[in-house]
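Some notes on the structure that comes next.
The values are calculated or read from the model by the stated rules, or taken from the named source; none is laboratory data. Since this is a predicted model, take the numbers as computed values, not measurements. All Cβ positions, even for glycine, are placed from backbone atoms using ideal geometry, and neighbour counts span all protein chains on display. Just the protein is used for accessible areas: all its heavy atoms, side chains included, with ligands, DNA and RNA removed. Shrake-Rupley method; radii C 1.70, N 1.55, O 1.52, S 1.80 Å.
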Amino acid sequence: MMVLVLIVAGLGVVALLMVLFAPHIRKYSAGGACTSMARLDGKTVLITGANTGIGKETALDLAIRGARVIMACRDVEKGEEAAASIRRIYCKANVEVRELDLADTSSIRAFAQRFLREVNHLHILINNAGVMMCPYMKTNDGFEMQLGVNHLGHFLLTYLLIGLLKRSAPARIVVVSSLAHNFGWIRFHDLLSQGSYNSGLAYCQSKLANVLFARELARRLKGSSVTVNSVHPGSVRSELVRHSTIMSLLFSLFSLFLKSPREGAQTSIYCAVAEELHSLTGKHFSDCAPAFVAPQGRNEETARKLWDASSELLGIVWDH
């Protein structure tokens, strides 16, 4: 009985401390903020997964800076709702929604074909969309869903739009990765998790693939005035954890320590607009500052090997 009383009392003290220090905890959890006042008038921005979370907040911020923002969304209806809410906040927002399903290469190709036909410039590409810790599923092309959407879908999209980005230079590519890349390994022997599947490890692999892709693409684009950087947005209150009961529970219990979507969007915004990054490429950022990259994320041989494997899976050849 005494033990139970002590446990309850202890939990009560913890709860009281969290209430008392909540403002300080929130301030710390918010992380770094983008302080750049850069305008984007006359610039065109493409953001994947912009209908919710940090993608939507990024779209709002860049629209307020004067950019034409194209919101590429799998669910067009939700995308239009997000665009309408952005216009309610900023009536001059130049935002438009286009359908893009990163789990279907035919949708990616159709999107790019129309985009290239109708859009003359692309100054900022933000590869933001993602799925996290979902049950084992395959994309329309038979790829494991997390690697397929988070990495391969963006790999193909970037490939199809890279010519336009180079013609629009100076241009920037921002790849949204995660701290989870630290726990990832590229399983070349079973890249698509056909032999075994763990949703958490598959997510970490896809986020490591984002870091490796950004670094290798930056290397290949040296001298083109197109920069590529990856970002860790932080732990953000979003729909991303919906597939994991444990993660959803943890996020609910520790919501005080999580970033809001607006706070989570700050590093993506920073990498998209900060004047001091105009020529910086191949780096990784968190809280609007350079961040640590795991050794497996700095391995050039792994990056090239993943590049070749990804190209082969997608049936493409990068000649630019």
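MET132 satisfies every condition listed in (1) open to solvent by 20 Å² or more (accessible area, probe 1.4 Å); (2) touching a residue at least 40 places away in the same chain (Cβ under 8 Å); (3) in a strand (DSSP E or B) except (3). Using the structure shown, decide if HIS151 is under 13 Å from the mean Cα position of the chain (by Cα) and outside any loop (DSSP other than H, G, I, E, B). Criteria met by HIS151.
Within the range 180-194, restricting attention to residues that are farther than 21 Å from GLY264 by Cα and either without any contact (Cβ under 8 Å) to a residue 12 or more places away in the chain or open to solvent by 40 Å² or more (accessible area, probe 1.4 Å) (or both), which residue is nearest to the chain's Cα centre (by Cα)? Write out each step before concluding.
Step one: of the range 180-194, the residues farther than 21 Å from GLY264 by Cα are 184-194.
If we keep only those that are either without any contact (Cβ under 8 Å) to a residue 12 or more places away in the chain or open to solvent by 40 Å² or more (accessible area, probe 1.4 Å) (or both) as well, we get 185, 187-190, 194.
Numbers: TRP185: 19, ARG187: 21, PHE188: 23, HIS189: 26, ASP190: 24, GLN194: 25 Å.
Among those that are farther than 21 Å from GLY264 by Cα and either without any contact (Cβ under 8 Å) to a residue 12 or more places away in the chain or open to solvent by 40 Å² or more (accessible area, probe 1.4 Å) (or both), it is TRP185.
Out of SER177, SER168, SER199, one residue alone is small (Gly, Ala, Ser) and open to solvent by 20 Å² or more (accessible area, probe 1.4 Å). It is SER199.
If I filter the range 64-72 for residues that are at pLDDT below 95 and either assigned to a helix (DSSP H, G or I) or open to solvent by 60 Å² or more (accessible area, probe 1.4 Å) (or both), do I get at least one hit? Before the answer, list the steps.
First pass over the range 64-72, keeping only residues at pLDDT below 95: none.
No, the range 64-72 has no match at all.
Restricting to the range 135-148, what's the tally of residues that are assigned to a helix (DSSP H, G or I), touching a residue at least 60 places away in the same chain (Cβ under 8 Å) and open to solvent by 10 Å² or more (accessible area, probe 1.4 Å)? Count: 0.
If only residues of the range 269-287 that are within 16 Å of the chain's Cα centre (by Cα) and closer than 24 Å to GLU300 by Cα are counted, the one that is most open to solvent (accessible area, probe 1.4 Å) is LYS283.
I'd like to know if the range 134-145 contains one or more residues that are modelled with pLDDT under 95 and out of contact with any Leu (no Cβ under 8 Å at 6 or more places or on another chain). Step through it out loud before you land on a result.
Just the residues of the range 134-145 that are modelled with pLDDT under 95, to begin with: 134-135.
From the residues that got through so far, the ones that are out of contact with any Leu (no Cβ under 8 Å at 6 or more places or on another chain) too are 134-135.
Yes, the range 134-145 contains a residue that is modelled with pLDDT under 95 and out of contact with any Leu (no Cβ under 8 Å at 6 or more places or on another chain).
Test GLU96 against the stated conditions and say whether it is more than 23 Å from LEU147 (Cα to Cα), assigned to a strand (DSSP E or B), open to solvent by 10 Å² or more (accessible area, probe 1.4 Å) and in contact (Cβ under 8 Å) with a residue 24 or more places away in the chain. Please lay out each step first, then the result.
On the way: more than 23 Å from LEU147 (Cα to Cα): yes; assigned to a strand (DSSP E or B): yes; open to solvent by 10 Å² or more (accessible area, probe 1.4 Å): yes; in contact (Cβ under 8 Å) with a residue 24 or more places away in the chain: yes.
Judged against the criteria, GLU96 is a match.
Pairs are defined by a Cβ separation below 7 Å, a sequence spacing of at least 6 or placement on different chains, a first member in the range 292-306 that is open to solvent by 30 Å² or more (accessible area, probe 1.4 Å), and a second member that is assigned to a helix (DSSP H, G or I) and not hydrophobic (A, V, I, L, M, F, W, C); the pairs so defined are THR302/GLN296; ARG304/GLU216.
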